[in-house]
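Structure first, commentary second.
Laboratory data are not the source of any read-out in this text; all were calculated from the coordinates shown. Computed from a predicted structure; not experimentally measured. A quick note on method: Cβ atoms are made from the backbone with ideal geometry, for glycine too, and the neighbour counts reach across all protein chains shown.
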Amino acid sequence: MRKNIVAGNWKMNNDLSQTEALITDLKKQTKTSNAEVMIAPTYTNLWQAYEATRQDDIEVVAQNMHFAANGAYTGEVNAAMLKSVGIQTVILGHSERRAYFNEDDAILAKKVDTALENDMRVIFCFGEELADRKADNQETVVEGQIKNALFHLEASAFKNIVLAYEPVWAIGTGETASPEQAQDMHKFIRKTLENKYRNGVADNMTILYGGSVKPANAKEIFSKPDVDGGLIGGAALKAEDFYAIVNAF
């Protein structure tokens, strides 16, 4: 069953005191929608964030995870470590991980497998860059990213996967993606799943939009039939803005 989700990716922002302050502000906000609320603080603050929200309607998730169970991977974090501090969901394949840390489809497929083997939920990110969009190649790029990282899975695995479409060309470039462009791509993504699995996976898949969602445009974007929520960046760092987006449903 499709769920409405608004997930705030805090990226490399907020030390411990700032994390605690933002969570305090978030807990003061009123949720009037039926959307699931998630926040993704930095690794160092995951436990404190989990403890601070344990009794609240906010899930704390991780921004990334290594595919190995353990070993000589300095600076990395594995699934068991995340689960040991209460984390059950992890973001994988974010455009910044792909661009800055050279994570390709093969690496991401291994990360997805590891997360699922550890009974974790995955928010899997993908999307085209500006050159792809200008060349009208966006559907080919997105289809390839999904197929290469996810289509080795059985249909049953998708109950623990949420998709997040990130039009990289519309994030910090001065370009703007319209709600119609978001809907067109989400519809294409759902059709791609339907063509592969043909058993309800597409209809039940939650697909988030990650293209600079703000309070001013959230309601129009979320009104589109194939958009089930958002993966929020900058606006997630202000409690009032973030909950304005949550309540846009």
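Just flag the trypsin sites (Lys or Arg not before Pro) in segment 169-226 sitting in loop per DSSP whose Cβ has no more than 16 other Cβ atoms within 10 Å.
On the way: sites: Lys187, Arg190, Lys191, Lys196, Arg198, Lys219; in loops: Arg198.
Taking segment 169-226 and a limit of 16 other Cβ atoms within 10 Å, the loop trypsin sites (Lys or Arg not before Pro) found are Arg198.
Which of the listed residues, Tyr165, His94, Ala7, is farthest toward the dipole's positive end in the chain, when Lys, Arg count +1 and Asp, Glu count -1 at the beta-carbon?
Projecting each Cα onto the dipole axis, the largest value belongs to Ala7.
Past 27 Å, Cα to Cα, is the threshold; run Lys31/Lys147; Lys27/Lys191; Lys134/Lys159; Lys11/Lys219; Lys134/Lys191; Lys196/Lys219 against it and keep the listed order. If you can, show how the numbers build up before the last one.
On the way: Lys31/Lys147 36 Å; Lys27/Lys191 38 Å; Lys134/Lys159 34 Å; Lys11/Lys219 24 Å; Lys134/Lys191 22 Å; Lys196/Lys219 31 Å.
From the list (Lys31/Lys147; Lys27/Lys191; Lys134/Lys159; Lys11/Lys219; Lys134/Lys191; Lys196/Lys219), the Cα-Cα distance tops 27 Å for Lys31/Lys147; Lys27/Lys191; Lys134/Lys159; Lys196/Lys219.
Under 5 Å between amide hydrogens, which residues at least 5 positions from Glu59 or on another chain qualify, with H placed 1.01 Å from N in the peptide plane?
Here the answer is Val37, Met38, Ile39, since their amide H atoms fall under 5 Å of that of Glu59.
So what is the 222 nm mean residue ellipticity for the chain from helices alone, if each DSSP H run of at least 4 adds -39500 (n - 2.57) and you divide by all residues, rounding to the nearest 500 deg cm²/dmol? Display every interim value, and only then the final one.
Values: 11 runs with 104 residues, N = 249.
Calculated from helices alone, the mean residue ellipticity at 222 nm is -12000 deg cm²/dmol.
In debye, nearest 20, what is the charge dipole magnitude of the chain about its Cα centre with +1 on Lys and Arg Cβ and -1 on Asp and Glu Cβ, if you could check?
Working: 26 positive and 34 negative charges, 81 e Å.
That gives the chain a dipole magnitude of about 380 debye.
Which helices pass in the chain if a helix is a full DSSP H run, must span at least 15 angstrom along its long axis by Cα, and must have mean Kyte-Doolittle hydropathy not below -0.5? Numbers along the way, then the final one.
Values: long enough: 16-28 (18 Å, -0.22); 105-117 (18 Å, 0.21); 138-150 (18 Å, -0.31); 179-197 (27 Å, -1.54).
Long hydrophobic helices here: 16-28, 105-117, 138-150.
Alpha carbon centre of segment 30-88 versus segment 178-249: separation in Å?
22
Please list the non-local residues whose amide H lies under 5 Å from the amide H of Ile161, H modeled 1.01 Å from N, same-chain partners needing a gap of 5 or more.
Sorted by chain and number, the residues that satisfy this are Val122.
Quick query: amide H of Val213 versus all other amide H atoms, modeled in the peptide plane; which residues come in under 5 Å with a sequence gap of 5 or more or a different chain?
The list, which skips near neighbours in sequence, is Gly233.
Would you mind telling me which residue in Gly86, Gly230, Gly200 has the biggest mean-square fluctuation in a Gaussian network model of the chain, where springs connect alpha carbons within a distance under 10 angstrom?
Between Gly86, Gly230, Gly200, it is Gly200 that shows the largest mean-square fluctuation.
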